[in-house]
Amino acid sequence: MGYGGYANMVVNANRALLKKKRSFKEMRTSYIGYVNDADLKFKELTPFEQQKIRDKIIARAKQERFYDMKMSLVAFLILVLLIFGAYLLLF
C-alpha cells in the first residue's frame, strides 16, 4: 500500500489528458478547408505509354516472383540441412 501516491498521480494525469481531448466535431471543422482544396491532377497518358508502363510492371512482378521462389528454395534447403545435421548429431 506504499504506492498509493503513484496511483493517484496516474489517475490525475489521465484526467488531464481527457480534458485536452478534442471532440470529433471540433476536429472536423478544422479540416473542412483542406479537403475541398485538394484537387488532384493526373498526367494524361497515351494508350502506348499505358501499355509500356503496364509491361514494366508485369516484368517487375515476374522478377520478384522468381526471386521469392528462389529464396524459398534456399530457405527450404537450409532447413533440410539443419534437420539432417541434427539427426546425425543425435543418432
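The values are calculated or read from the model by the stated rules, or taken from the named source; none is laboratory data. All values reported here derive from a predicted model rather than from experimental measurement. Areas reflect the complete protein model, heavy atoms only, side chains present, ligands, DNA and RNA absent. Shrake-Rupley method; radii C 1.70, N 1.55, O 1.52, S 1.80 Å.
Checked against the criterion of being part of a helix (DSSP H, G or I), open to solvent by less than 100 Å² (accessible area, probe 1.4 Å) and modelled with pLDDT under 70, the range 33-41 has at least one qualifying residue.
The set of residues in the range 1-17 that are open to solvent by 100 Å² or more (accessible area, probe 1.4 Å) and at pLDDT below 70 comprises Met1, Tyr3.
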